[in-house]
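Coordinate-derived values only; no laboratory data. All of these numbers come straight from a predicted model, not from anything done at the bench. Cβ placement follows ideal geometry from the backbone for every residue including glycine, while neighbour counts extend to all protein chains displayed.
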Amino acid sequence: MYILLHSSQRRYHRGKGTKKMAALDNSIVALLVSAVFLSIANISLGSPVLTTTLGEVFGSNREEYNVVVETYHGIPFAKPPVGNLRFKAPEPAESWGAEQLNGTIKPKACWQAIDKAFDRFEGVEMWNPNTPRDEDCLYLNVWRRAPQPGDSPKTIMVWIYGGMFWSGSAVLDLYDGSDLAARKDVIVITIAYRLGPLGFMYLQNNPEVPGNAGLLDQVMALKWVKDNAANLGGSPDDITIFGQSTGAVSVGFHLLSPMSKGLFKNAILQSGSPTAYWAVMKTNKMVERVSKLAANVSCPVSLGDGLLSCLQGVDPEVLTDQQWILVDKWFDVPIGPMVDGNFLPGHPDCLLENGDIQTTNVMIGVNLHEGNIPVLYGFMDDFPLEEEGRPDRDPFRDILLAIADGDDSLQEELLTVYSSEFPDANKRRMRILDAAAGDSLIKCAVLDFTRAYTLLGGNVYMYSFEEKFKSNPWPGWMGVPHGYEIEAVFGVPLNAGSVNPDDEKDLTKAVMELWTSFAKNGSPTYQDVEWPAYTIRFEDWVKIRSKGIDIIRRPRKHSCRLWAHHLR
C-alpha cells in the first residue's frame, strides 16, 4: 500500500480501496482518515527520513550487528502502469509534494501466477510473493546504515530478481538487504519490474507496445537510483547491479543495451546469461504467441487498432493464467524479452560479436546442480520429493529426449558424453539429467558469455557455488540447486535462530565479502584468497564451498561444444 499524508495524493494509493472508500458513509470516512493520520504520526515519531528528488519518505530503523539500519519500502520510480499505460514503456513517477511518503509498508508484487507445485512446500513457497499482487507495482526498496557525519559516499548494489520473467518479487524475505547494509556498509536496493504478458506484451506495427516493458522498468529504476544516489548517501558513479536466474539475464541485457550505458559500474550475474538460447524470443514466435493469447481472451488480432484497448481491458489474472497455453516445451518462457531495436538493438550473440557494448567488471557464476529444479518441475510425476531421485530407465530416457528437444541422435550423444562423467551407477541417471539440463539452460551460456565478454576487454571473474546449506529445504539428492547461493549473498544463515552450522556461517561471511568487495573495487577479495580474472589462455574460475575457495582451471567444455552445435 502506498500511503501518503495528504488526500490530494490519493492517485498513488495502491489497490481497490479508493472505490470502496467512496461508497462509505462520510462519518466512517472521517474516522478512517483520522485513524490513518494518527497511525502515521505514531510511525513518524523518531522514524528516519529519506529525501528523494520526488519528495520525502519516512522509513523504519532496526539495529543489526551494533549498527542502525534504515529501511524504506515502496518508493515509486514510475507511474502506476495501469489503464491506458498497461503494456507501455514506463513513465517517470511524479512528485508527491511536501508531505512524507510512508516507507514502512512492503509494496505489492507485480501481477503473476502463484506456484502451487508440490503442495506449496517450503522450497516452493519461499519464492511466492509475500505481499498481495497488483498491476500498480513499480516500486523499489532501500536499506542503508544510518548516515553519520563525515561519511564518504557508499557503494550502491541494485538487486534484480529472477523468476523466468513470469514471477518474482523485490520484497521476498530472502532479499532483505539489512544484513548486507549492516555488515558490509553498502546501500542495497531491490527493484520491481512487470512480468509475463503485462511486462513483455508485443503488438506488431504498434509503436506504443514495442515489447520489453519489464526491462524498460528496470532501466527507469536504474535512472532513479543514479539520480538519487547522493541523496541515498551513495555515489552515482559507484553502482553495481546484480541478479539471479532471469535477474542475471537482465543484468546481462543491461551490459549489452545502449539504453543502460552509464547507469552502473559493475555487474554480477548469478546463474544466468543473456546468451542462453531461451533468453530472447524470436519476433515471429512472439507474434504467433500474442495472437494466440489475444484470441483466447476474446481480443482477436482482427480488431486491428482496437486490439490494444481490448487487451487493456482484460482482467490481469486472466491474462496471467492464459499465458500457459503458449508453452510448448518442457522448459519455456511463455512471453519474454525480444529484440526490439531499442533496448535490445540485436540478438545478444550479435551484439557481443560486433563489440559495440559497455565493457566493465563482471562477476558471473553457476551453482553445482543447476539442472535439478528445471528437471523436477518439468517432469514432477517422475520425481516424488520423498524418494531418492533415481528415475527408472524408461522415464530417464524420455526426459533426456525432451532435454534434447526430441533429437534422438543428440540424446545418444548426451548419454555417451555424460555417462563417462558419473561412474556411480546408483546416482548416474539423475546426475546425467541434472548435468544435461544445467549445461543446456545455464552453464554453457555462462561460459559462452564469459569468453565473449573477456575477448572484448571486460574483466570477468567466474565461480561455481558448491555448498548445500543445512537450511536448504529440498531433498539431499537435489544437491546445490538453482537459486540457493542467494541466502549466502544476503547473509540469511547469520540471522538469529539460524540452523546453519559454523562452517556455513563462515562461508556466508566469505561470500558477502567477495560480493561486496567486487562491488566496491571491481575485483572480489577475501582474506588470503586470490581470485584471478578469467583469461582465454588459462580460463581460471573459483569453486566456493565451506571446505575452501579453490582456483580451478578449464571448466567443462566438451559437453558445451556439443550443445553449441545443437542449440543455435
Counting Lys and Arg as +1 and Asp and Glu as -1, each charge on the Cβ, what is the dipole of the stretch 365-567 about the Cα centre in debye, to the nearest 20?
680 debye
Among DSSP beta bridges whose residues both lie in the chain, state the antiparallel percentage, nearest 5.
45 percent
Note the angle between two axes, namely the Cα long axis of helix 246-256 and the longest principal axis of the Cα atoms of the chain, as a number of degrees from 0 to 90, rounded to the nearest 10.
90 degrees
Based on the alpha-carbon gyration tensor of the stretch 94-194 and its eigenvalue square roots a ≥ b ≥ c, which shape applies: rounded if a/c is under 1.5, prolate if not and a/b is larger than b/c, or oblate?
oblate
Below 20 Å, Cα to Cα, which lysines can LYS470 reach? Residues fewer than 8 away in the same chain don't count.
LYS505, LYS509, LYS543, LYS547
Run the reach check for LYS329 against lysines, Cα to Cα strictly under 21 Å, same-chain hits fewer than 8 apart removed. What comes back?
LYS116, LYS282, LYS285, LYS292, LYS443
Here the gain from full extension of CYS350 to VAL529, 0.36 nm per residue of separation minus their alpha-carbon distance, amounts to 60.9 nm
In the stretch 375-451, the trypsin sites (Lys or Arg not before Pro) that fall in loop regions by DSSP, at most 13 other Cβ within 10 Å
none
Which value in Å does the Kirkwood hydrodynamic radius of the stretch 493-568 take, with 1/r averaged over all unlike C-alpha pairs and then inverted?
14.7 Å
Using the Karplus equation 6.51 cos²θ - 1.76 cosθ + 1.60 (θ = phi - 60°), what ³J(HN,Hα) coupling, rounded to whole Hz, does each residue of the stretch 317-331 give in order, writing x for Gly and Pro?
5, 5, 4, 5, 5, 6, 5, 6, 5, 8, 6, 10, 9, 5, 10
Amide N of the stretch 74-92 lying under 20 Å from the label point, which is placed 7 angstrom from the Cα of GLU208 along Cα→Cβ:
79-92
Cβ-isolated cysteines (cut-off 4.7 Å), the chain
CYS350
Kirkwood Rh in Å, taken over the stretch 198-291 so that all alpha-carbon pairs contribute:
14.5 Å
Nearest 5 is fine: what % of DSSP beta bridges in the stretch 365-567 come out antiparallel, could you say?
55 percent
Reported to two decimal places, what Rg/Rh ratio describes the stretch 298-350 when computed on Cα atoms with Rh from the Kirkwood expression?
1.06
Per residue of the chain, what 222 nm ellipticity follows from adding -39500 (n - 2.57) for every DSSP H run with n ≥ 4, rounded to the nearest 500?
-10000 deg cm²/dmol
I need the Debye-formula profile for the chain: one equal scatterer per C-alpha, no solvent, reported as log10 I(q)/I(0) at q = 0.11 1/Å, two decimals.
-1.04
Which FRET efficiency value, to the nearest 0.05, do you get for ASP502 and THR359 by plugging their Cβ-Cβ distance into 1/(1 + (r/R0)^6) with R0 = 30 Å?
0.15
Can you tell me which lysines have their Cα less than 18 Å from the Cα of LYS154? Leave out same-chain residues fewer than eight positions away.
LYS184, LYS223, LYS226, LYS265, LYS520
So, how do all the Cα-to-Cα distances of the stretch 386-475 break down into 5 Å bins, in percent, from 0 on up?
2, 12, 17, 19, 17, 14, 11, 6, 2, 0
The relative contact order of the chain, taking Cα pairs under 8 Å that sit 6 or more residues apart, comes to a percentage of 12 percent
At q = 0.19 Å⁻¹, base-10 log of I(q)/I(0) for the stretch 365-567 (Debye sum, equal scatterers on each alpha carbon):
-1.36
Inter-label distance, nm, simple model (7 Å from Cα along the C-beta direction), THR416/SER291
4.1 nm
Residue by residue, what Karplus-based ³J(HN,Hα) values in Hz, rounded to whole numbers, does the stretch 296-308 have, using 6.51, -1.76 and 1.60 with θ = phi - 60° and x for Gly and Pro?
6, 10, 6, 10, x, 5, 5, 5, x, 5, x, 5, 4
Sorted by average packing, counted as other Cβ atoms within 10 angstrom per residue and highest first, what order do 307-318, 230-241 take?
230-241, 307-318
